[in-house]
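Presented below is the structure to which this report refers.
The values are calculated or read from the model by the stated rules, or taken from the named source; none is laboratory data. Note that this is a predicted model, so its numbers are computed, not measured. Because the Cβ atoms are built from the backbone with ideal geometry, glycine has one as well, and the counts that use them run over all protein chains shown. Please note that ligands, DNA and RNA were not included when accessible areas were found on the heavy atoms of the full protein model with its side chains. Shrake-Rupley method; radii C 1.70, N 1.55, O 1.52, S 1.80 Å.
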Amino acid sequence: MNIISIIGCGWFGFPLASHLVRQGFHVKASKRKVEDLIPVQQQGIEAIQLDLANVSAQVSRTGLFDSDAIVINIPPGLRRGGSDYLLYLTRLKQLIGTRQYQKVIFISTTGVYPSLDHTVTEADATAFNDASATLLEAESMFATMPNSCIVRFSGLIGPKRHPGRFFAGKVDVSGANVAVNLVHLDDCVNAVSLILSGRETQPVYNLAAPIHPTRGEFYVIASQHLGLPPPEFNQQQQPSKTIDGQLICQDLGFEYRHPDPIKMLDAC
């Protein structure tokens, strides 16, 4: 495996691409805007424009999809009211066509698990609301491709994404009991790189740090870490879930570099 395509070279895709280049891979990566290509190219990445909202006839001739492996990293945007996610993925699937890859990695989210006050594994995904139904439909589009692996990220934190701002200064916040499920950018990059190494994998892996503080504990500390006023939680509890991210450890020998969300704050 020498050539890797990354569809979506943003907050996660760009560090992944840079890491793979340092490992000696030839990496092709897509950006939506022409003006965003140069910073990517400066890292030794072959940057190619791809806007799934307005696909150019030229895309099929760029060689973007001609590779040994492909990582699909298109943010759903469902919290922001995005409604074109499945349309964009359908267009992407059409552009891929009949190509075969040694590995197909589709980046998804642990938003496919309902909060039922217990620990959830990869087998517990269910369409419990419109957003989770959309996410599972998206996964199914690529799960049927040979050599595919779905990777479900928990809440992402890292550089320029410090969780101390999420609840800082808020009052009368419910759900202090809820378990925190986070994963650091470094662990996402390392895990996907490991999956790309060519070893046989399971169809789905969760990525979640193995330590799960409560929301009431974690977000007070996270806010204080930035010198911001901490949130004030009320006594109202909310349904919780704990994401089990250990299958990839048991299966591929992966080790979380950042197992503790509280200690993770120093790497944000």
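Would you mind stating whether Asn234 is touching a His at 6+ places or on another chain (Cβ under 8 Å) and either modelled with pLDDT of 95 or more or surrounded by fewer than 18 Cβ atoms within 10 Å (Cβ to Cβ) (or both)?
Judged against the criteria, Asn234 is not a match.
Taking segment 16-35 as the search range and keeping residues that are in a helix (DSSP H, G or I) and open to solvent by 60 Å² or more (accessible area, probe 1.4 Å), which one is modelled with the highest pLDDT?
Ranking the qualifying residues of segment 16-35, first place goes to Arg22.
Results for (1) modelled with pLDDT of 95 or more; (2) open to solvent by 60 Å² or more (accessible area, probe 1.4 Å), shown as yes or no for each residue.
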residue: Asp187; (1), (2): yes, no
residue: Asn190; (1), (2): yes, no
residue: Glu200; (1), (2): no, yes
residue: Gly216; (1), (2): yes, no
residue: Val220; (1), (2): yes, no
residue: Pro239; (1), (2): yes, yes
residue: Gly245; (1), (2): yes, no
residue: Leu252; (1), (2): yes, no
residue: Tyr256; (1), (2): yes, no
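Report whether or not Asp84 is surrounded by 14 or more Cβ atoms within 10 Å (Cβ to Cβ), more than 26 Å from Met1 (Cβ to Cβ) and without any contact (Cβ under 8 Å) to a residue 60 or more places away in the chain.
no
Would you say Asn206 is of a type in the set (S, T, N, Q), outside any loop (DSSP other than H, G, I, E, B) and either at pLDDT 95 or above or closer than 22 Å to Thr119 by Cβ (or both)?
Considered against the rule, which asks whether it is of a type in the set (S, T, N, Q), outside any loop (DSSP other than H, G, I, E, B) and either at pLDDT 95 or above or closer than 22 Å to Thr119 by Cβ (or both), Asn206 comes out as yes.
Among the residues of segment 202-214, which ones are open to solvent by less than 30 Å² (accessible area, probe 1.4 Å) and more than 17 Å from the chain's Cα centre (by Cα)?
Pro213
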